[in-house]
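As structure tokens, the structure follows; a few thoughts come after it.
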Amino acid sequence: MEKKRCIFHIPNYLDTSVKSGSQLRPHEMINGFKENGYIVDCVMGYGNERKKQIKEIKENIKNGIKYDFLYSESSTMPTLLTEKNHFPKYPLLDFSFMKYCKKKKIKIALFYRDIQWKYEAYKDEVSFLKRMITYPLYRYDLYKYKHYVDIFYLPTERVKTYLSDYPELIKKSDVLMPGSKKSKITPSCRSVEEIKTELRLFYVGGIYGIYDLKIFFKVVSKMKHIKAIICCREDEWKRVEALYKKYMNDNIKVIHKSGEELEKYYLWADICSVYAGEGTYFSVAMPIKTFEYLGHLKPMIGVKGTCSGDYIERMNLGWNVPYNENALEECLRSLLKNPVEIINKRTVLEKQLIKNTWKQRCHKVIHDLVEER
């Protein structure tokens, strides 16, 4: 029996050494489609690479090879600026390929990574001259998606509030959150007595810019029987170390690890933290770390009002806590007194993990584009 085929497209180069969600997600989706029984032909890299890959796919189609669908993920930059020097050397490449696929009746879905260019903070971070270039090009992307894309996937439902100028895209939209990858190591679950003696917290992720862990550091630093390990990039820590120095004591350890190096810390932890700030970005975005924690079967503490925190509460994955010192301290004291609450989350996490793998995310895409026809 001939294997099914699909096209995976992303209009930029992926750096596997960078562990951010925008770099990890595409690779996990490619693997997810393969796990669903698909041969995946990729269009990715810088423009000259994509041009060659598109040519090969067009040759395949001419030779009778059938593709079930094209799944694309947007870049965080406008499509025309994704070359290394950000010069639009291939202005027609990607959208003309979408037009070609549309003409060949190949269904197209696109995941719109984020919409930070619409946030007020974008004006503070990016100069006026740069914005005068990026704004029209971001809008150009949305204009093209409106014409070529059959399903417009968003990271969360709340992103729609920033798309009011594009009702056609809202009609085509659906949510496709990050997925989970089951840990290769069976996570431990410590006893009630052990947790009462020492409650262990683990945070992996950003600590600079939009990320603010000062409340987390301050509360943990003054509480007995609480230990926390913070894992962040070394360059980020150097930028902010002075801000956190006054909170550093034996309760808190900062490390700079990635990949399989993190597994022993997940084994060590009782709870993982998404308690890293509030504001526009967090109210709309769904951090990939939420689902990484789920893959390790670790209950979480999130911030009330953020997408991640509200999802944690809705799915019963942990505790959704207001973003202030008293609320976080009260939550941690309660968990120290009642460790069975932590242990009881295990069954819920196991059930939710099965429903939220990357393979399941890809199965949804296949269902929406192929099985629903």
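The values are calculated or read from the model by the stated rules, or taken from the named source; none is laboratory data. Just so it is clear, the model here is predicted, and its values are computed rather than measured. Here the Cβ positions follow ideal geometry from the backbone for every residue, glycine too, while neighbour counts run over all protein chains shown. Note: areas computed on protein heavy atoms with side chains; ligands, DNA, RNA excluded. Shrake-Rupley method; radii C 1.70, N 1.55, O 1.52, S 1.80 Å.
Relative contact order of the chain, taken over Cα pairs closer than 8 Å and 6 or more residues apart, is 16 percent. Residues considered: Ile207, Ile61, Ile170. Largest GNM mean-square fluctuation over the chain, using C-alpha springs under 10 Å, is found at Ile61. Please state the relative contact order of the range 1-160 as a whole percent: Cα pairs under 8 Å, 6+ residues apart? Reported as a whole number, the value is 24 percent.
Applied to the range 252-268, the Karplus parametrisation 6.51 cos²θ - 1.76 cosθ + 1.60 on θ = phi - 60° returns per-residue 3J(HN,Hα) values of 10, 10, 10, 10, 10, 10, 7, x, 5, 5, 7, 4, 5, 6, 5, 5, 5 Hz, with x for Gly and Pro.
Once you divide the Cα radius of gyration of the range 249-373 by 2.2 N^0.38 Å, the number left is 1.17. The order of the peptides 298-309, 145-156 by mean Cβ neighbours within 10 Å, most packed first, is 298-309, 145-156.
Pairs exceeding a 32 Å alpha-carbon distance, out of Lys34/Lys351; Lys105/Lys359; Lys52/Lys364; Lys253/Lys304; Lys102/Lys257; Lys123/Lys345: Lys102/Lys257; Lys123/Lys345. Structure remark: mean-square fluctuation, Gaussian network model of the chain, C-alpha springs under 10 Å; the largest value among Lys104, Lys257, Lys345 belongs to Lys104.
Across the range 126-285, the relative contact order, built from alpha-carbon pairs under 8 Å that are at least six residues apart, equals 25 percent.
Legend: residues Leu92, Leu14, sorted from most to least accessible area (1.4 Å probe; ligands, DNA and RNA excluded), read Leu92, Leu14. Simple rule: put +1 on each Lys or Arg Cβ and -1 on each Asp or Glu Cβ in the chain, find the dipole, and look at Ile252, Val321, Gly279; the Cα lying farthest toward the positive end is Gly279. In the chain, the calculated helix contribution to ellipticity at 222 nm averages -13000 deg cm²/dmol per residue, counting -39,500 (n - 2.57) for every DSSP H run with n ≥ 4.
Relative intensity of the range 66-202 on a log10 scale, I(q)/I(0) at q = 0.09, 0.12, 0.13, 0.21 Å⁻¹, equals -0.41, -0.62, -0.69, -1.36, per a Debye sum over C-alpha point scatterers of equal strength in the absence of solvent. A viscosity of 1.306 mPa s and a temperature of 10 °C, combined with the Kirkwood radius over C-alpha pairs in the Stokes-Einstein formula, give the chain a diffusion coefficient of 72 µm²/s.
The charge dipole of the chain, taken about the Cα centre with unit charges on the Cβ atoms of Lys, Arg (+1) and Asp, Glu (-1), comes to about 880 debye, rounded to the nearest 20.
Overall, the range 294-373 carries a charge dipole of about 300 debye about its Cα centre when +1 sits on the Cβ of Lys and Arg and -1 on the Cβ of Asp and Glu, all other atoms neutral. The GluC sites (Glu not before Pro) of the range 182-216 that DSSP puts in a loop, and whose beta carbon has at most 15 other beta carbons within 10 Å, are Glu198. Largest first, the extents of the alpha carbon coordinates of the range 151-299 on the three principal axes equal 55, 37, 26 Å. Across the options Ile61, Leu24, Gly47, the greatest Cα extent toward the positive end of the charge dipole of the range 4-81 (unit charges at beta carbon of Lys, Arg, Asp, Glu) belongs to Ile61. For the range 1-90, the square roots a ≥ b ≥ c of the C-alpha gyration tensor eigenvalues yield an a/c of 1.5 or more together with a/b not exceeding b/c, which makes the shape oblate.
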